[in-house]
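The values are calculated or read from the model by the stated rules, or taken from the named source; none is laboratory data. The structure presented is a predicted model; accordingly, all values stated were derived computationally and were not measured. Cβ: placed from backbone, ideal geometry, glycine included. Neighbour counts: every protein chain shown. Heavy atoms of the whole protein, side chains included, go into the accessibility calculation; ligands, DNA and RNA do not. Shrake-Rupley method; radii C 1.70, N 1.55, O 1.52, S 1.80 Å.
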Amino acid sequence: MINLPTDGPLTGLRVLDASTILAGPLTAQILGDYGADVIKIEHPTHGDGMRGHGLDKDGEPLWWKMISRNKRTVGLYLGDPEGAEAFRALARSADVVVENFRPGTFEKWGLGYEELSQDNPGLIMLRVTGFGQSGPYAERPAFGTLVESMSGFAHLTGRPDGPPTLPAFGLADSIAGVAGAAAVSMALFQRARDGKGQEIDLDLLSPIMTAVGPGVIYADQLGIDQERTGNRSQNNSPRNTYLTSDGHWLAISTSANTIAERVLRLVGHPEVIAEPWFATGRQRAQHADLLDRHVGEWIGIRTREEVLAAFEEAGAAVAPVYRPSELLTDPQVQAMELVTTVEDETLGPLKMQNVMWRMMRTPGRIRSTGRGLGEDTDEVLTHVAELSQEQLERLRNRGVIR
């Protein structure tokens, strides 16, 4: 049995997470981190595909432990009429439903917003799809990789003479997951005003298009497409990664002119500061070869610790390119508790990313790691959906619940 939240800004809210890989579950995880009672609905046999993503330890999926933290798990087949009826019973007392099936699937099961809101007019339903609920692509299967490609992200990422580059992690899904939590929060705020719920149509493409930046307005107003610049930027220089004498990479950015001046003084080339082109980031970017050479040569004969110490003393901006294992030992990460240790029933203490923001009066927290498939089915369906033991046994015998 999981301990229900008793603190956090969303305490008292109930969320049904009927979504799978990855944006919907992340939205629900964030809501759960801040006090919502999240009930994870999974297929009773197959479970959420997230259980099979990433590495495992002793058969325990590690990514699942994080993405499904603070959630009760229910194995329930929604495609069965009795399973759908059990879901409707859960939705009557829910504040939020998160789903990411293809458009029309929930309607086919009798679980569309029109049906669910008849019993619960204040219900908020977040619908996450690759391309949205309408339009010519609505029925297409979509994953983060596809929208990372379409958004302009892949076009801008990589070396100028190399191919478009995709991220090594679920970038589009993760951005959409955070956006979904913001959208739900806005809908809850509106409901507090007028008592009415609403549907939210969230596609994966929109959030990452926003994150990519001004490419659309450049294309519209200037007729140009931004091109790949590798680790350089069209907006400032020096901005790149540089190799130290002991084999470590460091990243430098000089978005502010004062920072650029400090860097060039530090590396022994104050003469370039007087050049007319040094006055703006865009003009400095046109002289990136020269500036990178000055910075790279200076860094290349020093160790990482020497460079970091010198940059800190000079008030210039630099950061190491970390492996995850190095991130765990960083003093700032430790001081801010950006990584925390959580007790897992099977694996013992686990380190994972902490809640995403620190609220001083109503902080979020991690109460549990991701649980086993259907571990809370009987408890939830008995106390929330108010099903009898006879109903549970009938559904279990038919394979509708686990």
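Rounded to the nearest 500, what is the 222 nm mean residue ellipticity of the chain from helices alone, with -39500 (n - 2.57) per DSSP H run of 4+ residues and division by all residues? Present the calculation step by step, with values, prior to reporting the outcome.
Numbers: 18 runs with 154 residues, N = 402.
Helices in the chain give a 222 nm mean residue ellipticity of -10500 deg cm²/dmol.
Heavy-atom accessible area of M359 with all protein chains present, probe 1.4 Å, nearest 10 Å²?
70
Over the Cα atoms of the stretch 314-401, what Rg and Dmax result, in angstrom?
Spelled out, the Cα radius of gyration and Dmax of the stretch 314-401 are 21.1, 73 Å.
Explain nothing, just the number: dipole magnitude of the chain about its Cα centre with +1 on each Lys and Arg Cβ and -1 on each Asp and Glu Cβ, in debye rounded to the nearest 20. Mind dumping the intermediate values first?
Values: 39 positive and 53 negative charges, 83 e Å.
It works out to roughly 400 debye.
Roughly what angle does helix 171-194 make with the longest principal axis of the chain, taking Cα atoms, 0 to 90 degrees, to the nearest 10?
The two axes meet at around 60 degrees.
Pick the calculated Cα Rg over 2.2 N^0.38 Å for this structure from [x] 1.17; [y] 0.94; [z] 1.03?
The value matching this structure is [x].
Work from the charge dipole of the chain (Cβ charges, +1 for Lys and Arg, -1 for Asp and Glu, about the Cα centre) and give the residue of G12, G112, G372 farthest towards its positive end.
Comparing the listed Cα positions along the dipole, G12 ranks first.
Send over the per residue convex hull volume for the stretch 106-245, Cα only, as a whole number of Å³. Write out the running numbers ahead of the final one.
Details: hull volume 25.5 nm³, N = 140.
Dividing the Cα hull volume of the stretch 106-245 by its residue count gives 182 Å³.
Kindly provide log₁₀ I(q)/I(0) values, in the same order as q = 0.09, 0.14, 0.18 Å⁻¹, from the Debye equation applied to equal alpha-carbon scatterers of the stretch 206-341.
-0.34, -0.76, -1.06
Whole-Hz ³J(HN,Hα) for each residue in the stretch 148-155, computed from phi via Karplus 6.51 cos²θ - 1.76 cosθ + 1.60 with θ = phi - 60°, x for glycine and proline: what do you get?
Once rounded to whole Hz, the list reads 4, 6, 6, 5, x, 4, 5, 4.
Whole-Hz ³J(HN,Hα) for each residue in the stretch 300-310, computed from phi via Karplus 6.51 cos²θ - 1.76 cosθ + 1.60 with θ = phi - 60°, x for glycine and proline: what do you get?
Those phi angles translate into x, 9, 10, 7, 4, 5, 5, 5, 4, 5, 5 Hz.
Please work out the Kirkwood hydrodynamic radius for the stretch 353-402, using every pair of different C-alpha atoms, and report it in angstroms with one decimal place.
Details: mean 1/r = 0.0736 Å⁻¹.
Evaluated over the stretch 353-402, this radius sits at 13.6 Å.
Stokes-Einstein diffusion coefficient for the stretch 261-373 at 37 °C in a medium of 0.692 mPa s, Rh from the Kirkwood formula over Cα pairs: what value in µm²/s?
The Stokes-Einstein estimate is 182 µm²/s.
How large are Rg and Dmax for the stretch 1-149 when only the alpha carbon atoms are used, in Å?
Calculated on Cα positions, Rg and Dmax stand at 15.4, 46 Å.
Give me the orientation-averaged projected area of the Cα convex hull of the stretch 178-218, in nm², one decimal.
Values: hull surface 14.3 nm².
Over every viewing direction, the Cα hull of the stretch 178-218 projects on average to 3.6 nm².
With the dipole of the chain worked out from charges on the C-beta (+1 for Lys and Arg, -1 for Asp and Glu) around the Cα centre, which of M66, G47, G158 lies farthest toward the positive end?
Of the listed residues, the answer is G158.
Could you sort 366-379, 8-21 so that the peptide with the highest average Cβ count within 10 Å comes first and the rest follow in order?
On the way: 366-379: 19.5, 8-21: 21.6.
By packing density, highest mean first, the sequence is 8-21, 366-379.
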